[in-house]
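S.K.: The structure that follows is given in the form of C-alpha cells.
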Amino acid sequence: MRDKIILFIKGIVLGIAFIIPGVSGGTLAVLLGIYEELIEAISNFYKSKNNFVKYFMYLLPIGLGALTSLVLCAKLIKFGLDKSPIITILIFLGLIIGGVPKLFKSVDKKPELKDFSLMLIGIIIVVLMMIIDKGSSSVSLSNLNALGYIILFLVGMLASATMVVPGISGSFTLMLIGYYEPILNVVNEISSFKNLSTNLLIMIPFLLGVVIGIVAIAKIIEYCLKKYRTSTYYIIIGFVLASIISVFISVFTYELNVVHLIIGITLMLINTFLVYKVFDKID
C-alpha cells in the first residue's frame with residue numbers, strides 16, 4: 001500500500017507538469033525515478049493478460065494522481081500564472097533543478113567526450129524549441145466539424161509525444177500551436193461540471209490521441225533504453241539541462257516585477273533544496 005501511495009503522489013507531480021508551459025512531464029518522471037518503469041509499462045501492458053494486470057496496477061495510482069492533479073490544480077495553477085507567473089514558474093523550476101543530481105547518479109559511468117556530445121545534441125534540440133515563436137492566438141474549440149475533431153486527435157498525439165520525451169513540454173507544444181488555453185479552459189469547465197456534454201466531446205478525441213501517441217513514442221524510447229541505455233540517458237540529461245534554461249528564460253517573457261522575481265528566486269532555492277533532499281528518499 002505504501003508503494004501505491006508513493007506512486008499516487010508522483011502522479012500528482014506529473015499532472016502538474018502537464019499544466020505549466022515549459023515543465024516537462026518526461027523530465028519529472030526521470031527525476032522521480034519512474035521513467036524507465038513508465039516506458040516499460042506503457043509499451044507492454046497490452047501484450048498479454050498477465051502484462052495488462054501487472055502494468056495496469058502500476059499505472060493506475062500514477063494515472064489517478066495525474067488526474068487528481070489536473071482536476072484540483074488546474075484552477076490553482078491558472079490563477080498563479082494569471083496573477084504571479086514569475087513566482088509560479090520559478091517555484092516549479094526548483095522542482096526540476098533539485099532532481100538533477102539524482103539524474104546524473106542514474107548513469108552508471110562517468111561521461112566521456114561522446115557523452116558530452118550527446119548532451120549537447122539534447123540541449124540543441126530543446127534550444128530549437130525555445131526559439132520558435134509561440135502561437136499568437138488561440139484556436140476556437142466551439143462548433144467543431146469532423147475535420148476539427150480529427151485535428152484535435154492529431155494535436156493530442158503531438159502533445160503526448162512531447163510529454164513522454166524528457167525536457168520537451170507538452171503544454172509548451174500546445175501553446176506553440178494555439179491549443180494550450182482552449183484545452184486548459186475545457187479541463188477547468190469539466191472540473192466545475194460546466195457544459196459537460198460539449199466539453200467531453202472535445203476531450204475524448206484529444207485524450208485518444210494522447211493515449212495512442214504515448215504508446216507509440218514509448219515503444220521507440222523503450223528500444224533506445226534497452227539497446228543504448230547510457231547514450232540515451234546522456235541525451236535526456238541534455239534535454240533536462242536545456243529545459244531548465246528554457247523555463248528560466250520564459251520568466252522574462254512576462255512583465256518584470258522585481259519583488260516577484262526576488263520572491264520567486266527565494267522560493268525556487270528553497271524548493272530546490274527540499275526536492276534534492278526528498279527525491280532520494282522516495283524511490
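Quick grid of which residues meet (1) open to solvent by less than 50 Å² (accessible area, probe 1.4 Å); (2) closer than 24 Å to PHE273 by Cβ:
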{"residue": "VAL13", "(1), (2)": "yes, yes"}
{"residue": "ILE16", "(1), (2)": "yes, yes"}
{"residue": "ALA41", "(1), (2)": "yes, no"}
{"residue": "LYS47", "(1), (2)": "no, no"}
{"residue": "TYR58", "(1), (2)": "yes, no"}
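S.K.: Kindly provide the set of residues from region 209-262 that are charged (D, E, K, R) and out of contact with any Asp or Glu (no Cβ under 7 Å at 6 or more places or on another chain), ordered by number.
M.R.: Here is the first cut: in region 209-262, the residues charged (D, E, K, R) are 219, 222, 226-227, 229, 255.
Answer for region 209-262, where residues must be charged (D, E, K, R) and out of contact with any Asp or Glu (no Cβ under 7 Å at 6 or more places or on another chain): LYS219, LYS226, LYS227, ARG229, GLU255.
S.K.: Restricting attention to region 38-49, does a residue exist that is assigned to a helix (DSSP H, G or I), under 30 Å from ILE265 (Cα atoms) and in contact (Cβ under 8 Å) with a residue 40 or more places away in the chain?
M.R.: Initial filter on region 38-49 (assigned to a helix (DSSP H, G or I)): 38-44, 49.
This time we only want the ones that are under 30 Å from ILE265 (Cα atoms), so: none.
There is no residue in region 38-49 that is assigned to a helix (DSSP H, G or I), under 30 Å from ILE265 (Cα atoms) and in contact (Cβ under 8 Å) with a residue 40 or more places away in the chain.
S.K.: On to the next question. Tell me, please, whether a residue that is at pLDDT 85 or above, part of a helix (DSSP H, G or I), closer than 26 Å to LYS105 by Cα and of a type outside the set (Val, Ile, Thr) can be found in region 192-215.
M.R.: Looking for residues that are at pLDDT 85 or above, part of a helix (DSSP H, G or I), closer than 26 Å to LYS105 by Cα and of a type outside the set (Val, Ile, Thr), one finds none in region 192-215, hence no.
S.K.: In this structure, is GLY26 open to solvent by 10 Å² or more (accessible area, probe 1.4 Å) and under 14 Å from the mean Cα position of the chain (by Cα)? Steps first, answer last, please.
M.R.: On the way: open to solvent by 10 Å² or more (accessible area, probe 1.4 Å): no; under 14 Å from the mean Cα position of the chain (by Cα): yes.
For GLY26, the condition - open to solvent by 10 Å² or more (accessible area, probe 1.4 Å) and under 14 Å from the mean Cα position of the chain (by Cα) - is not met.
S.K.: What do you reckon, is TYR223 in a loop (DSSP other than H, G, I, E, B) and either touching a Gly at 6+ places or on another chain (Cβ under 6 Å) or farther than 23 Å from VAL13 by Cβ (or both)? Even if it seems obvious, please write down each step before you answer.
M.R.: On the way: in a loop (DSSP other than H, G, I, E, B): no; either touching a Gly at 6+ places or on another chain (Cβ under 6 Å) or farther than 23 Å from VAL13 by Cβ (or both): yes.
So TYR223 does not fit the description; no.
S.K.: Still on this structure, please answer the following. Any idea which of ILE220, ILE204, ILE235 is open to solvent by 60 Å² or more (accessible area, probe 1.4 Å) and closer than 29 Å to GLY33 by Cα? It would help to see each step written out before you state the result.
M.R.: Values: ILE204 fails: closer than 29 Å to GLY33 by Cα; ILE235 fails: open to solvent by 60 Å² or more (accessible area, probe 1.4 Å).
The unique qualifying residue is ILE220.
S.K.: Could you please give the count of residues in region 119-163 that are open to solvent by less than 20 Å² (accessible area, probe 1.4 Å) and either outside any helix (DSSP H, G or I) or at pLDDT 75 or above (or both)?
M.R.: 8
S.K.: When residues of region 265-283 are filtered for being open to solvent by 70 Å² or more (accessible area, probe 1.4 Å) and not in a helix (DSSP H, G or I), how many remain?
M.R.: 3
S.K.: If you scan region 90-118, which residues turn out to be of a type in the set (Val, Ile, Thr) and open to solvent by 50 Å² or more (accessible area, probe 1.4 Å)? Can you show your working first?
M.R.: So in region 90-118, the residues of a type in the set (Val, Ile, Thr) come out as 91, 96-97, 100, 107.
If the condition is that a residue be of a type in the set (Val, Ile, Thr) and open to solvent by 50 Å² or more (accessible area, probe 1.4 Å), then ILE91, ILE97 are the ones that fit.
S.K.: In region 252-264, which residues are over 20 Å from VAL100 (Cα atoms), in contact (Cβ under 8 Å) with a residue 12 or more places away in the chain and assigned to a helix (DSSP H, G or I)?
M.R.: HIS260, LEU261, ILE263
S.K.: Evaluate region 72-85: report whether one residue or more is in contact with a Phe, Trp or Tyr (Cβ under 6 Å, 6 or more places away or on another chain), closer than 30 Å to PHE252 by Cβ and at pLDDT 85 or above. Quick ask: steps written out before the conclusion?
M.R.: Filtering region 72-85 down to residues in contact with a Phe, Trp or Tyr (Cβ under 6 Å, 6 or more places away or on another chain) leaves 85.
Within this subset, residues satisfying the condition of being closer than 30 Å to PHE252 by Cβ are 85.
Subsequent filtering for residues that are at pLDDT 85 or above retains 85.
Yes, there is a match, as at least one residue in region 72-85 is in contact with a Phe, Trp or Tyr (Cβ under 6 Å, 6 or more places away or on another chain), closer than 30 Å to PHE252 by Cβ and at pLDDT 85 or above.
The values are calculated or read from the model by the stated rules, or taken from the named source; none is laboratory data. Note that the structure is a prediction, hence the values are computed from the model and not measured. Note that each Cβ is placed from the backbone with ideal geometry, even for glycine, and that neighbours are counted across all protein chains shown. We work out accessible area using only protein heavy atoms, side chains counted, and drop any ligands, DNA or RNA first. Shrake-Rupley method; radii C 1.70, N 1.55, O 1.52, S 1.80 Å.
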